[in-house]
Amino acid sequence: MKRNLWAATFATAVIVAAAPIAQAATFTDIASYDEATQKEITSLHELGIINGTTATTFSPARDITRSQVVKILGRYLVKEGYATIPADALTKERYSDIKVTGSDKELIQLAAVVKDYGIFNGSNGQLKPRDVMNRQNMVLVLSRLVDAVQKDSNVLVMMAKGKPTNVTDLAKAKAETKDIIQAFNALGLSNAATFNPNNNVKRSHFASFMYRIIELLDESEVEETPTTPTLPPGTYRASDLGLQSITRIADATSEIGAKLTNGMLQVVQATNNTPEDFFEIVDVEGKTLFGHTRSTPAEFFADSNGYVSLEQYLGISVRVPIAAFKLDTFSSLSYKTTDGATDEAAAIHANGVLVLSDSIGVNNIVTLTLRGTYKGQAVTRTVQYYFNGLGEAIFNTPNKNVALNYHYEMADTGDILMDGEIATNKTLYYFPINETLGWDAVAFGDDWTINQLKALFGTNGTKSSIDFKKHNAMLIVDDELTNYGVKSIEFMDSFITSYTQNVKLPFSVNIESIEVMGDVTVKRVSNDTLALTVIGPEPEDALIFIETTSGREYILAVREEDSVLSVEEVGDDW
């Protein structure tokens with residue numbers, strides 16, 4: 001069904017200190033303009049996207065400033081639900097000349113939006129808010145706006161391919177805008193053969209261009225016609241990984257070639273051997289849809305034809321205890337989603353546990369309202385989350401949950417291993433729980449403190465608070481409220497006491513890398529000595545994999561006799 005753009009209902013967002021917008025205002029100084037221009041200005045104003053210079057005037061002939069453009073683009077992205085105000089917008093400076101302590105909070109917040117979404121890059125770290133916008137820079141930021149909405153790159157240029165253009169003064173434009181200027185001409189967004197790329201943009205002109213861009217986006221959405229190029233095989237947008245943007249990648253192996261290009265991840269099967277089936281993981285760091293930094297391990301499957309594809313997981317649900325949202329009892333819930341989707345299985349309560357499902361789609365932000373009591377008082381809690389398509393529910397909080405992150409492991413000693421080594425720079429807390437309640441899915445809101453968690457669980461959070469006879473699991477959290485997950489202790493009688501011994505190798509080699517499987521951690525002491533630390537009950541079942549600088553690989557088995565450790569080389573058939 002065709003949607004009327006200007007009757008569309010926009011999602012709302014809270015903007016600190018934003019002035020109330022008068023609806024259906026009539027500007028007294030646009031009457032001399034043609035009917036189409038008047039409609040464009042009035043429609044944008046009624047939707048809260050563009051403001052007048054006073055309550056009754058628009059100043060259509062005045063040059064538009066860069067700060068005014070920032071606000072217009074930012075309002076559109078937020079109101080339409082394509083972006084959210086970053087959580088750190090008022091604390092983290094994006095431009096050196098837009099201070100977070102400034103009085104124009106709307107500008108500060110929306111400048112963070114357009115910066116984080118790649119629309120306004122700035123000049124030498126500055127926004128230059130009072131400078132006026134010229135026409136070639138206008139089409140550049142509007143093109144980036146379209147890319148942000150479509151979650152792709154060079155969308156307008158690709159849409160315009162093969163269409164005729166008649167721009168006569170393209171030589172005056174800077175290189176990065178020439179294709180975009182021609183695209184605007186080819187798509188009917190700009191009809192003048194003389195574009196005048198270096199001329200300043202009038203406020204009336206920018207309103208017209210903005211209106212046409214939104215109309216183009218709306219038509220492409222309603223007709224469900226592809227407006228973006230098909231990505232090459234092995235190329236993934238940030239949204240494919242449940243992110244708004246990708247900042248870096250790491251840990252791609254020699255089997256997988258991965259690189260970050262124009263904000264997109266490109267992966268190929270890089271081995272020189274005959275292609276074969278295998279899984280590999282690439283660490284992708286970026287911003288969640290809420291603007292929080294997150295490292296996401298992305299799994300890729302390479303098939304025997306040499307193609308690499310992202311492993312996505314749908315049909316996912318997670319269990320989360322209501323106590324994680326500071327509720328003692330539950331009475332009711334309701335929710336809204338970014339795209340308006342609903343499903344009876346999206347959020348269900350049963351016996352003090354919420355079951356949240358991705359039945360309303362991937363990357364679809366859910367605003368969940370929970371009602372109940374806390375410490376005897378009736379309360380209402382609001383929780384935001386979405387499913388990222390990789391099997392995870394992402395909550396709107398800066399605090400991290402790394403329970404599914406393969407870099408972290410919970411040892412029987414109570415230690416946290418990071419990449420096989422004991423993490424010593426965190427203070428850990430241990431809370432006894434029922435293993436089935438779903439605490440491993442929790443990302444603690446920023447209203448939680450460690451002392452509040454101690455009060456919730458009725459313990460001091462130390463190892464001694466864990467009663468292995470009474471409890472079947474424990475939750476491990478650090479002093480920054482990072483959730484490392486739930487460890488089953490059903491078959492444990494106590495924490496293992498770790499110890500470290502130096503062990504001689506049966507050879508002396510230049511070690512490039514060491515990996516280990518089993519109840520020990522390993523550190524290189526010298527070319528013929530390793531330090532083994534026991535972290536579990538069966539160190540003798542551990543295997544150590546050593547690769548030398550020359551590329552040779554060794555497999556060693558750990559042996560234990562009378563609490564003395566040793567290693568011996570074993571063959572590939574271990």
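The values are calculated or read from the model by the stated rules, or taken from the named source; none is laboratory data. Keep in mind that what you see is a predicted model, and the values were worked out from it rather than measured. Glycine also receives a Cβ, built like all others from the backbone with ideal geometry; neighbour counts cover every protein chain displayed. Areas reflect the complete protein model, heavy atoms only, side chains present, ligands, DNA and RNA absent. Shrake-Rupley method; radii C 1.70, N 1.55, O 1.52, S 1.80 Å.
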What translational D, rounded to a whole number of µm²/s, comes out for region 467-564 from Stokes-Einstein when the hydrodynamic radius is the Kirkwood one over Cα pairs, at 37 °C and 0.692 mPa s? 211 µm²/s
Loop-resident sites, region 63-111, for trypsin sites (Lys or Arg not before Pro), counting at most 15 other Cβ within 10 Å (DSSP): LYS92, LYS99
Along its principal axes, what span do the Cα atoms of region 317-395 show, with the longest given first and each in whole Å? 37, 22, 19
For region 76-229, what size does the Cα cloud have along each of its three principal axes, sorted from largest down, in whole Å? 48, 36, 26
Nearest-0.05 FRET efficiency for THR293 and SER550, computed from C-beta distance (R0 35 Å): 0.35
Linear extension gain, THR369 paired with ASP169, 0.36 nm per residue minus alpha-carbon span: 66.5 nm
Can you give me the distance in nm between label points at SER526 and GLN501, each placed 7 Å from the Cα along the Cα-to-Cβ direction? 1.9 nm
As a test of reading the structure, rank ARG559, ARG248, ARG294 by solvent-accessible area (1.4 Å probe, protein chains only), most first. ARG248, ARG559, ARG294
Using the Kirkwood radius over C-alpha pairs as Rh, can you work out the diffusion coefficient of the chain via Stokes-Einstein at 20 °C, viscosity 1.002 mPa s, in µm² per second? 78 µm²/s
Using a basic spin-label model with each label point 7 Å from the Cα along Cα→Cβ, how many nm lie between LYS161 and ARG248? 3.4 nm
Expressed in nanometres to one decimal, the distance between label points 7 Å along Cα→Cβ at SER563 and ASP479 is 3.1 nm
With just the Cα atoms of region 408-488, tell me how far they stretch along each of the three principal axes, in Å, largest first. 32, 31, 22
Where only protein heavy atoms count, and the probe is 1.4 Å, what is the accessible area per residue for region 99-208 in Å²? 43 Å²
Would you list the membrane-span-like helices of the chain, meaning whole DSSP H runs whose alpha-carbon atoms span at least 24 Å along their axis and whose mean Kyte-Doolittle value is at least -1.0? 203-222
Farthest toward the dipole's positive end in the chain, which of SER245, ALA441, VAL525, given Cβ charges of +1 (Lys, Arg) and -1 (Asp, Glu) about the Cα centre? SER245
Greater than 23 Å separation of Cα atoms is the criterion. Which listed pairs, LYS92/LYS400; LYS375/LYS470; LYS326/LYS400; LYS287/LYS487; LYS161/LYS259, meet it? LYS375/LYS470; LYS287/LYS487; LYS161/LYS259
